[in-house]
Amino acid sequence: MQQGTLMRKVKSKSWKKQRFFKLQDDCMTIWYQSKRTGKTESAFSISDVETVREGHQSEVLQSLAEEFPPERCFTIVFYGRRGNLDLIAGSAEEAQCWVQGLRQLIEPRSFPLTSALLSCTWIRDWFQKADKNKDGRMNFKEVQRLLKMMNVDMNEDHALRLFQAADKSESGTLEGEEFVLFYKALTQREEVLSLFQDFSEDGKKLTLLELVDFLRQEQLEDEDTEELAMELIDKYEPSETARARHVLSADGFLMYLCSPEGSIFNPRHQVLWQDMSQPLCHYFISSSHNTYLMEDQLRGHSSIEGYIRALKRGCRCLEVDCWDGPNGEPMVYHGHTFTSKIPFREVVTTLGKYAFKGDSSVEPSYPIPSSVLQRAGDAGLQQCGVLGDSRSHGGDGHPSTTLQELKHKILLKGKKIGRLEDTLDGPGDEAPDVSDDDNGAEAEEERRRVKVGGTQHGSALQKDKESLAQTLSDCVIYCKNVTFRGFQEARSHSRPSEISSLSETKARKLIRDGGNEFVRHNAWQLTRIYPSGMRTDSSNYNPQEMWNVGCQIVALNFQTAGTEMDLCDGLFSQNGRCGYVLKPPFMRAEETLFNPSDPSSREGPGPITLTIQVISGQQLPKVANSKEGAIIDPLVRVEIHGVPADQARQETKYIENNGFNPRWDETLQFQLHVPELALVRFVVEDYDKTSRNDFVGQFTLAFANIKPGYRHIHLLSKDGTSIPPSSLFVHIRITE
């Protein structure tokens with residue numbers, strides 16, 4: 001059909017509009033227009049699409065399950081905070097055509113995004129943006145407009161020389177390969193070419209031995225270096241003749257430096273590389289607060305999309321606030337607020353679909369501790385019929401707590417009727433432990449505290465018993481929530497299968513008053529930290545200070561972008577993005593002397609020096625909502641997040657009017673006393689002398705994952721999504 005495929009665009013159960021959808025000839029853009037008016041409503045790029053989900057995999061499509069079969073339904077999921085696009089095709093065949101076609105374009109395994117392909121896609125993108133009259137040719141005026149769009153403030157005479165050199169046909173316009181030549185001249189990397197020539201005897205190629213010298217001397221590759229050099233030539237050298245001669249051209253050298261092997265992130269740490277057989281309390285666990293919320297804590301939208309996005313982001317600890325709803329059906333929402341509600345049944349179904357299926361490089365098989373606030377009656381939960389038996393224990397009758405033993409399990413953290421042993425051996429009569437953070441209401445938590453082995457007043461006890469669902473209580477095996485009454489009390493009475501929840505405020509006080517005691521406590525028992533109840537805007541606290549004392553479950557509002565989530569993504573981007581990161585040895589020993597406020601208490605070698613030469617930037621994005629024709633003045637700030645003695649930040653000067661290929665050539669140096677806990681955040685900002693600088697891009701990683709040498713840093717947006725081909729080029733040195 002010339003107009004495109006006619007499908008229903010769905011926003012709610014009552015809002016279903018027919019629209020024509022069509023993939024443009026460039027295979028990179030999809031537009032859709034109204035069937036009634038024929039007017040184009042919107043368009044989006046394939047590069048904006050994260051994934052495509054088949055069937056009823058959104059709340060809206062689930063609400064239409066009886067009206068439309070799953071074979072005709074699919075959801076387009078975009079990167080960042082843009083809302084999903086729910087569609088209903090006219091037939092199952094049409095739906096499959098779109099689903100499979102889109103996946104062919106967006107999935108790397110089907111459509112490999114090599115550096116060369118990415119560059120070609122980028123070139124075509126720019127050409128189409130600048131070709132105003134759409135005649136397939138570009139005159140010099142259009143080229144000047146293009147340079148402004150690309151963040152380049154170039155001398156007009158120099159731009160004209162590049163234009164004329166590329167205009168081989170001497171037609172006064174650029175088309176096809178001529179524009180590619182112009183683009184390549186524009187993107188010439190002098191700093192990379194200079195480095196290449198430092199190791200190339202003839203300045204035209206790197207022989208196998210010359211490449212080995214570069215890898216050993218600069219990249220500090222000391223294992224099987226000759227074999228690695230051969231692999232890099234085979235993988236990144238574009239010339240078949242050069243590959244056959246085992247040499248690397250300047251183009252191949254640049255492709256290697258821009259590749260995963262040339263990234264600042266150690267490729268060996270992107271896969272599962274840590275010991276995964278330790279007890280649960282020996283790991284930092286990627287954790288979400290009020291996972292169901294997409295916005296603020298008072299009137300925000302609740303959605304299963306919150307769970308899907310968190311799980312796909314590597315989160316392993318989720319939160320479910322369960323309350324009685326209409327007709328006794330349990331609902332999930334933020335109690336005593338105006339947030340919207342979602343059925344508990346849908347949350348459980350979503351966890352079943354996505355808990356152990358993700359985008360990480362390893363199967364996401366490690367356990368999911370879920371924090372369940374129980375305010376729903378037992379009858380409603382049993383009516384759902386969704387809770388199975390999650391029990392598992394060792395030969396001694398106690399719960400299994402090592403990570404390997406808990407694979408493929410969803411662990412419920414919550415209140416418990418009776419003792420844990422009674423669940424394993426039979427029912428008991430002990431009063432319930434009902435402690436919980438209750439969404440930040442610390443006064444409420446204080447009211448409900450009970451003494452170990454003691455009881456509450458009758459009426460209060462009965463009320464708490466009624467609020468506890470036996471069905472959920474029986475499933476609480478590994479993460480029984482207990483009230484924290486001090487480190488000494490916990491050491492005397494608590495068990496490794498128990499967990500305490502602390503507000504960020506209380507946790508900070510404990511850190512100040514007893515940093516080492518807190519580290520020791522977390523060496524054998526789980527601690528969950530949650531945001532203050534005052535954070536109604538869903539803002540986040542600094543997770544680093546909680547990790548510094550070994551707190552495992554540091555719950556953040558995943559829906560809120562910012563430095564705090566950058567740190568979270570940075571820590572958990574390693575180890576196959578499985579959501580678990582092993583704590584350093586000095587934080588796993590129960591008698592450890594480590595105190596984050598005293599770096600000398602750390603066992604191990606002395607401080608190390610991190611030296612970062614910030615060399616250049618490439619194709620940095622414009623600031624959102626900037627004026628037409630505006631060009632950024634970029635600077636780079638490097639931040640160290642770690643123990644108090646290591647906290648530091650330094651920045652380069654700003655480069656005026658050049659976001660395309662700025663050169664800084666500045667060296668920044670940091671001393672790290674506890675490198676095992678340090679995170680390094682690279683931030684690019686647009687300098688503004690009259691107001692606050694604007695965010696351009698960032699990349700955060702754990703110091704342990706840094707690969708020394710000449711490296712590219714591929715920048716991420718405020719939402720944590722990639723913004724190709726924007727990057728920084730740096731040189732890293734680590735010395736003791």
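Some points to look at:
- Reported to the nearest whole Å, the Cα centre-to-centre distance from the range 275-323 to the range 209-266 is 40.
- When the square roots of the Cα gyration tensor eigenvalues are ordered a ≥ b ≥ c, the ratio a/c for the range 190-262 is under 1.5, which makes its shape rounded.
- Ordering Gln613, Ala704, Pro634 by Cα displacement along the dipole of the range 605-735 toward the positive end leaves Ala704 in first place; charges were set at the Cβ atoms of Lys, Arg (+1) and Asp, Glu (-1).
- Gain in span if fully extended, Arg692 to Gln100, counting 0.36 nm per residue against the direct Cα distance: 208.6 nm
- Euclidean distance of C-alpha centroids, the range 496-523 and the range 658-736, integer Å: 32
- Across Lys312/Lys357; Lys148/Lys627; Lys312/Lys622; Lys653/Lys718; Lys341/Lys480, pairs whose alpha-carbon gap is larger than 18 Å: Lys312/Lys622; Lys653/Lys718; Lys341/Lys480
- Averaged over residues, the count of other Cβ atoms within 10 Å places the peptides 715-727, 254-266 in the sequence 254-266, 715-727, highest first.
- Additional length obtainable on full extension of the chain from Ser492 to Lys16, 0.36 nm per residue less Cα span: 165.3 nm
- Simple Cβ-charge dipole of the range 190-262, Lys/Arg +1 and Asp/Glu -1, about Cα centre, in debye nearest 20: 340
- The portion of the accessible surface of the range 5-106 made up by carbon and sulfur, rounded to a whole percent, is 46 (1.4 Å probe; DNA, RNA and ligands excluded).
- With both labels modelled 7 Å from their Cα along Cα-to-Cβ, the Gln274 to Asp202 distance reads 4.9 nm.
- Carbon + sulfur, % of accessible area of the range 605-735 - ligands and nucleic acids excluded, 1.4 Å: 46
- Average accessible surface for the range 605-735: 39 Å² per residue, computed with a 1.4 Å probe over protein heavy atoms with every protein chain in place.
- With all protein chains kept in place, the per residue accessible area of the range 264-365 amounts to 37 square angstrom at a probe of 1.4 angstrom.
- Think of each Lys and Arg Cβ as +1 and each Asp and Glu Cβ as -1; about the Cα centre, that makes the dipole of the range 5-106 roughly 520 debye.
- For the range 535-626: rounded, prolate or oblate by the Cα gyration tensor [a/c cutoff 1.5]: oblate
- Considering all C-alpha pairs of the range 545-696, those separated by over 25 Å amount to 43%.
- The share of accessible area on the range 193-233 that comes from carbon and sulfur is 42 percent, using a 1.4 angstrom probe.
- Linear extension gain, Asn327 paired with Ala589, 0.36 nm per residue minus alpha-carbon span: 89.3 nm
- Accessible solvent surface per residue of the range 190-262, calculated while the other protein chains remain in place, 1.4 angstrom probe, Å²: 53
- Tensor-based shape of the range 146-277 (alpha-carbon gyration tensor, a/c under 1.5 rounded, otherwise prolate or oblate): prolate
The values are calculated or read from the model by the stated rules, or taken from the named source; none is laboratory data. None of these values were measured; they are calculated from a predicted model. Using ideal geometry, Cβ is built from the backbone for each residue, glycine included, and neighbour counts are taken over all protein chains shown. For accessibility, only protein heavy atoms count, side chains too; no ligands or nucleic acids. Shrake-Rupley method; radii C 1.70, N 1.55, O 1.52, S 1.80 Å.
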